[in-house]
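Below is one structure, written out as structure tokens; the observations come after it.
The values are calculated or read from the model by the stated rules, or taken from the named source; none is laboratory data. Because the structure is a prediction, the values reported are computed rather than measured. Cβ placement follows ideal geometry from the backbone for every residue including glycine, while neighbour counts extend to all protein chains displayed.
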Amino acid sequence: MPFRSKSQVRACFAKKDPNWDCHQWADETSDIKSLPEKKKKKKKFSEWLNEEVNRTELQNTLLRDLVKEILDYVNTVIDESRTGKSSMSQMAKAQMAHNIKIRIDSKMVTIDP
């Protein structure tokens, strides 16, 4: 059985247990110098699932905020076309549309799995 970490190597040789063949395990280990200091523990399924749920909730919140901002913009443009009165300058509308596009572009990176 090859070693998985440097701390495992030290513990094996320090313990001097006759049932452990530390020299054989060292021979079976490809490169002891490249081993991590400690072996990483695997996440429990419940921890992983909890992280996924939190990530999904965050993404849903971000999407909901983004959709609300888009709808506000669209409603503003529709209201202006109905009334013929502009509540915003062309520059302000262009800036708002630009901000929405930037948010969509930045969120697409985090939304895709």
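Within the stretch 25-39, identify whether any single residue is of a type in the set (Lys, Arg) and part of a loop (DSSP other than H, G, I, E, B), and answer yes or no.
Of the stretch 25-39, the ones of a type in the set (Lys, Arg) are 33, 38-39.
Within this subset, residues satisfying the condition of being part of a loop (DSSP other than H, G, I, E, B) are 38-39.
Yes, the stretch 25-39 contains at least one residue that is of a type in the set (Lys, Arg) and part of a loop (DSSP other than H, G, I, E, B).
Just checking, which of Ser81, Ser86 is in contact with a helix residue (DSSP H, G or I) (Cβ under 9 Å, 6 or more places away or on another chain) and not assigned by TED's automatic domain parsing to the domain that holds Ser7? Before the answer, list the steps.
On the way: Ser81 fails: in contact with a helix residue (DSSP H, G or I) (Cβ under 9 Å, 6 or more places away or on another chain).
Result: Ser86 is the single residue among Ser81, Ser86 that is in contact with a helix residue (DSSP H, G or I) (Cβ under 9 Å, 6 or more places away or on another chain) and not assigned by TED's automatic domain parsing to the domain that holds Ser7.
If you take the residues in the stretch 39-51 that are charged (D, E, K, R) and surrounded by 11 or more Cβ atoms within 10 Å (Cβ to Cβ), which one is nearest to the chain's Cα centre (by Cα)?
Going residue by residue through the stretch 39-51, those that are charged (D, E, K, R) are 39-44, 47, 51.
Filter once more, keeping what is surrounded by 11 or more Cβ atoms within 10 Å (Cβ to Cβ): 39, 43, 51.
Values: Lys39: 22, Lys43: 15, Glu51: 9 Å.
Taking the candidates together, the pick is Glu51.
Conditions tested, residue by residue: (1) touching a helix residue (DSSP H, G or I) at 6+ places or on another chain (Cβ under 8 Å); (2) of a type outside the set (Gly, Ala, Ser); (3) surrounded by fewer than 11 Cβ atoms within 10 Å (Cβ to Cβ).
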{"site": "Trp20", "(1), (2), (3)": "yes, yes, no"}
{"site": "Asp27", "(1), (2), (3)": "no, yes, yes"}
{"site": "Ser30", "(1), (2), (3)": "no, no, yes"}
{"site": "Glu37", "(1), (2), (3)": "yes, yes, yes"}
{"site": "Val53", "(1), (2), (3)": "no, yes, yes"}
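Go over the candidates Thr76, Thr61 one by one and state the one that is surrounded by 10 or more Cβ atoms within 10 Å (Cβ to Cβ) and at pLDDT 80 or above.
Values: Thr76 fails: at pLDDT 80 or above.
None of the others qualify; the one that does is Thr61.
Which residues, taken from the stretch 4-18, are among the charged types (D, E, K, R) and either loosely packed, with under 14 Cβ neighbours inside 10 Å or touching a Lys or Arg at 6+ places or on another chain (Cβ under 7 Å) (or both)? Reasoning before the result, please.
Quick first cut of the stretch 4-18, residues among the charged types (D, E, K, R) only: 4, 6, 10, 15-17.
Hits for the stretch 4-18 are Arg4, Arg10, Lys15, Lys16, Asp17.
Which residues, counting only those in the stretch 79-100, are assigned to a loop (DSSP other than H, G, I, E, B) and exposed (fewer than 14 other Cβ atoms within 10 Å of the Cβ)? Can you show your working first?
To start, the set of residues in the stretch 79-100 that are assigned to a loop (DSSP other than H, G, I, E, B) comprises 84-89.
Passing the criteria: Gly84, Lys85, Ser87, Ser89.
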